[in-house]
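The values are calculated or read from the model by the stated rules, or taken from the named source; none is laboratory data. Since we're looking at a predicted model, the values are computed, not measured. Neighbour counts run over all protein chains shown; Cβ positions are idealised from the backbone, glycine included. Note: areas computed on protein heavy atoms with side chains; ligands, DNA, RNA excluded. Shrake-Rupley method; radii C 1.70, N 1.55, O 1.52, S 1.80 Å.
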Protein chains: 2
Amino acid sequence: MSAALPPTRPRRIDIHAHLFPRIAREDAAAAHPRAPWLADHGDGTGHIMQGDERFRPVQATLWDPRARLEWMDAAGVDVQFVCATPVMFGYAWDAAQAAQWAARMNDHALAFCAAAPARLRALAQVPLQDVEAACREVTRARAAGLVGVQIGNHVGAKGLDDPGILAFLAHCAGERMPVLVHPWDMMGGERMRKWMLPWLVAMPAETHLGILQLILSGAFEMLPRELELVLAHGGGSFAWLVGRVDNAWRRRDIVRADCPRLPSSYCDRFLVDSAIFDAGALRLLVERMGADRVLLGTDAPFPLGEEHPGALVDEAFAHDAAIRAKILCANAQRVFGLA
Amino acid sequence: MSAALPPTRPRRIDIHAHLFPRIAREDAAAAHPRAPWLADHGDGTGHIMQGDERFRPVQATLWDPRARLEWMDAAGVDVQFVCATPVMFGYAWDAAQAAQWAARMNDHALAFCAAAPARLRALAQVPLQDVEAACREVTRARAAGLVGVQIGNHVGAKGLDDPGILAFLAHCAGERMPVLVHPWDMMGGERMRKWMLPWLVAMPAETHLGILQLILSGAFEMLPRELELVLAHGGGSFAWLVGRVDNAWRRRDIVRADCPRLPSSYCDRFLVDSAIFDAGALRLLVERMGADRVLLGTDAPFPLGEEHPGALVDEAFAHDAAIRAKILCANAQRVFGLA
């Protein structure tokens with residue numbers, strides 16, 4: 001931790017950050033034709049590749065734990081939970097291939113965290129297209145030292161209300177493995193070719209869709225209360241639109257058909273991260289979700305992540321040290337069982 | 001106006017309400033195989049139909065101006081601007097067919113408003129797939145007495161940044177016809193078959209997409225300042241996500257490629273309605289947009305509209321009569337040039 005940071009500040013635990021391992025082109029090709037690999041340009045920059053295509057420009061902080069720890073020191077992040085970049089999910093592949101790949105990626109993540117076990121923790125990825133294989137990988141990953149699971153918010157047409165995905169979530173609850181739901185494979189992409197519109201428009205819609213699928217299907221009536229479910233990017237558009245959803249539930253029979261209680265009453269069944277980039281929005285998010293259910297998440301080290309982790313929390317709650325301490329640290333300690 | 005309303009309350013001008021005219025099945029069939037028509041069940045209820053299919057159950061307030069005025073009296077709405085139900089747009093039809101249809105629908109809307117010219121005003125629809133025909137219809141509609149235009153937020157793959165749609169918006173500015181942009185033809189529908197998810201998830205994403213297409217394409221640098229552009233449903237998810245957009249613009253070259261200024265700095269170039277269903281969200285919306293740029297809009301008479309028009313404004317700004325007066329009345333008077 002930087003000496004410049006005041007000693008009394010709460011620890012900053014960032015529960016939403018990504019990694020992309022140093023995957024060799026041959027290893028990717030052996031796994032699947034669309035499996036991503038890393039082109040390391042040797043100057044601290046690189047590209048995530050798919051075959052010969054450049055998928056995204058990236059920095060060494062994404063794959064090099066030493067570079068990551070330097071960044072964490074400079075940014076004042078004490079502990080960071082890292083998880084796969086969603087292009088690594090492989091949900092559209094043959095399930096056996098994806099299961100092998102997930103195990104290999106999870107081993108990569110553990111190796112990344114081994115550089116500083118007290119400061120880096122890893123969330124697993126799973127072959128979510130095969131519920132049994134996904135459950136097996138969660139159990140294996142937990143034994144291997146991963147501390148939670150990241151899943152995408154859908155597998156093709158199957159959303160979070162899919163019976164198989166719900167069975168998977170129940171398994172995670174039984175294993176005491178918190179689940180981070182991350183938007184991916186964004187809707188409407190053919191109409192959003194420029195300006196990163198899928199990240200700016202469709203990602204928050206995907207997350208909101210996932211939450212509504214859980215609420216309106218009645219899934220929360222069945223899921224174990226022990227499930228610790230964290231939705232990325234402040235839960236997407238959900239907290240902003242929950243009033244619209246409540247109004248629709250009150251007034252339209254087909255909205256409440258499978259959901260016995262007011263949609264907003266299920267806010268106590270999940271958590272969200274704080275990657276919302278606007279102090280007013282963060283305050284409204286905390287108002288809707290409760291201060292115990294918002295956790296620092298940065299989406300680092302991507303440019304669409306937070307540049308100054310925790311600064312938004314400090315700004316939004318400058319006069320409430322108790323809320324700051326919960327969001328920056330205590331909630332993550334509770335959810336992930338950290339000392 | 002109901003005698004029960006206190007005489008000093010500000011007038012309530014609702015700039016976002018829908019109508020669906022009493023379209024005969026034969027008239028619809030003559031226009032286009034997918035043209036909608038009204039099945040009036042004769043008991044105050046009906047269905048919007050497409051061919052033999054029931055599109056949506058509706059109430060007489062949607063087509064009968066006397067029923068509408070009774071509802072307005074009971075709800076305390078003094079003036080209401082009515083516009084087409086989006087299923088009437090016909091943007092996917094042959095342009096000449098759609099142009100004829102739009103003119104006929106606009107005549108229907110005028111006939112609806114003729115029941116109480118001081119209390120009902122109509123926004124036109126246009127064949128937006130044909131820019132010249134759309135401009136002609138705006139000019140014709142203005143002369144006929146319609147006071148603005150409603151458009152959908154896209155025409156197939158063409159978004160609000162399409163050069164033709166921008167030329168149309170410039171024409172509307174020249175004609176001093178305010179434009180209400182309404183989401184429709186929602187993305188991701190195949191994954192949202194239940195619980196009105198397209199209305200709860202994709203509609204706000206469509207509107208947000210439209211605003212970002214205008215901002216990130218640089219269109220606001222070219223559009224005339226006189227253009228009065230109102231985005232429905234509080235601008236969808238935009239005000240909630242503008243921090244995410246600003247962060248992306250600051251940090252990623254491809255986001256700012258065509259947009260010279262910080263995205264949030266364009267908030268003074270458009271307006272939004274207040275149909276957001278949550279007092280905290282409405283306060284944040286007013287904080288982001290400014291109290292001069294939020295107008296009462298109810299989405300009446302649909303069940304996903306406001307049940308108690310203006311109640312949310314009263315709740316959110318219980319202690320600020322000046323803001324209430326702006327949102328409920330003065331902003332609409334200014335934008336639409338009402339006495």
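Tell me, what HN-Hα J-couplings in whole Hz come from the Karplus equation 6.51 cos²θ - 1.76 cosθ + 1.60 at θ = phi - 60° for each residue of the range A:204-213, using x for Gly and Pro?
x, 6, 4, 5, 4, 4, x, 5, 5, 4
Could you state the principal axis extents of the C-alpha atoms in the range B:84-194, from the largest down, to the nearest angstrom?
43, 33, 24
Search the structure for amide H atoms under 5 Å from the amide H of A:His16, placed 1.01 Å from N in the peptide plane, and list their residues when 5 or more places away or on another chain.
Result for A:His16 returns A:Phe81, A:Thr298, A:Asp299.
Place a +1 charge on the Cβ of each Lys and Arg in the protein assembly as shown and a -1 charge on the Cβ of each Asp and Glu, then give the dipole magnitude about the Cα centre in debye, rounded to the nearest 20.
740 debye
Test of understanding: extend the Cα→C-beta vector of A:Glu287 to 7 Å, then name every residue of the range B:263-286 with backbone N under 17 Å from that spot.
B:274-286
Once ligands and nucleic acids are excluded and a 1.4 Å probe is used, how much of B:Arg9 is accessible, expressed in Å² to the nearest 10?
40 Å²
What is the average number of partner chain Cβ atoms found within 10 Å of a Cβ in A:281-288?
For this peptide, the per-residue mean of nearby foreign Cβ atoms is 3.
Need the full-extension length gain, B:Ala157 to B:Ala39, defined as separation in residues times 0.36 nm minus the C-alpha distance. One decimal, nm.
Details: separation 118, 0.36 × 118 = 42.48 nm, distance 3.16 nm.
Roughly 39.3 nm would be gained on extension.
Could you pull out every residue, at least 5 positions away or on a different chain, whose amide H is within less than 5 Å of the one on B:Arg56? Hs are placed 1.01 Å off N in the peptide plane, and Pro or chain starts have none.
B:Ile48
Between A:Ala96 and the same site in the other copies, what are the distances in nm, shortest first, taking label points 7 Å from Cα along the C-beta direction?
Listed shortest first, these distances are 6.1 nm.
What percent antiparallel are the DSSP beta bridges of chain B, to the nearest 5? Let's see the in-between values first.
Numbers: 12 of 34 bridges.
In chain B, approximately 35 percent of DSSP beta bridges are antiparallel ones.
Which cross-chain or sequence-distant (5 or more) residues have an amide H under 5 Å from the amide H of A:Leu120, H modelled 1.01 Å from N in plane?
A:Gln80
Peptide A:248-258: average number of partner chain Cβ atoms within 10 Å per residue? It would help to have the intermediate numbers written out before the result.
On the way: counts 8, 3, 2, 5, 7, 2, 5, 8, 1, 2, 2.
The per-residue average across the peptide is 4.
Can you give the accessible area of B:Ile211, probe radius 1.4 Å, in Å² rounded to 10?
Here the accessible area works out near 0 Å².
At what distance in angstrom do the alpha carbon centres of the range B:213-288 and the range B:159-201 lie from each other?
Cα centroid to Cα centroid, the span is 15 Å.
Based only on the alpha carbon positions, what is the Kirkwood hydrodynamic radius of chain B, in angstrom?
Hydrodynamic radius (Kirkwood, Cα only) of chain B equals 20.2 Å.
With a Förster radius of 41 Å, plug the Cβ-Cβ distance of A:Glu221 and A:Gln333 into 1/(1 + (r/R0)^6) and report the FRET value to the nearest 0.05.
Efficiency, from the Cβ-Cβ distance: 0.90.
Taking A:Pro163 in one copy and the same position in all the others, each labelled 7 Å out along Cα→Cβ, what are the pairwise distances from the first, in nm, shortest first?
Distances to the matching label points in the other copies: 5.4 nm.
Under a plain spin-label model, where a point goes 7 Å from the Cα along Cα-to-Cβ, how far apart in nm are B:Arg104 and B:Ala167?
2.8 nm
Shortest first, in nm, what separates the label point of B:Ala114 from those of the same position in the other copies (7 Å along Cα→Cβ)?
8.3
So, R0 is 35 Å and r is the distance between the beta-carbons of A:Asp320 and A:Arg251; what FRET efficiency does that work out to, to 0.05?
The formula returns an efficiency of 0.45 here.
May I ask you to evaluate 6.51 cos²θ - 1.76 cosθ + 1.60, the Karplus curve with θ = phi - 60°, for each residue of the range A:254-269 and list the ³J(HN,Hα) values in order in whole Hz, giving x for glycine and proline?
My calculation for the range A:254-269 gives 5, 7, 9, 3, 10, 10, x, 10, 3, x, 5, 6, 8, 4, 7, 9 Hz in order.
Considering only protein heavy atoms, what is the solvent-accessible area of B:Glu221 at a probe of 1.4 Å, reported in Å² to the nearest 10?
Approximately 90 Å² of B:Glu221 is accessible to the 1.4 Å probe.
With no solvent and one equal point scatterer placed on each C-alpha of the range A:194-317, evaluate the Debye formula and give log10 I(q)/I(0) for q = 0.23 Å⁻¹, two decimals.
-1.37
From largest to smallest, what semi-axes in whole angstrom does the protein assembly as shown give when each is the square root of 5 times an eigenvalue of its alpha carbon gyration tensor?
46, 26, 24
Mark the label point 7 Å from the Cα of B:Lys194 along Cα→Cβ and return the residues of the range A:150-173 whose backbone N is within less than 17 Å of it.
Residues passing the 17 Å test: A:154-170.
Positive end of the charge dipole of the range A:211-292 (Lys, Arg +1 and Asp, Glu -1 on Cβ, about the Cα centre): tell me which of A:Ile254, A:Gly234, A:Leu212 has its Cα farthest that way.
Ranked along the dipole, the leading option is A:Ile254.
Cα atoms only: what Rg and Dmax, in Å, come out for the range B:171-213?
13.6, 42
With only alpha-carbon atoms counted, please give the Rg and Dmax of the range B:156-258, in Å.
14.6, 42
Residue by residue through the range B:9-21, which ³J(HN,Hα) values in whole Hz follow from phi under the Karplus form 6.51 cos²θ - 1.76 cosθ + 1.60 (θ = phi - 60°), with glycine and proline marked x?
Computed from phi, the couplings for the range B:9-21 are 5, x, 4, 10, 10, 9, 8, 9, 9, 10, 9, 9, x Hz.
From the gyration tensor of the Cα coordinates in the range A:300-339, what semi-axes in whole Å does the equivalent ellipsoid have, largest first, with each one equal to sqrt(5λ)?
19, 17, 5
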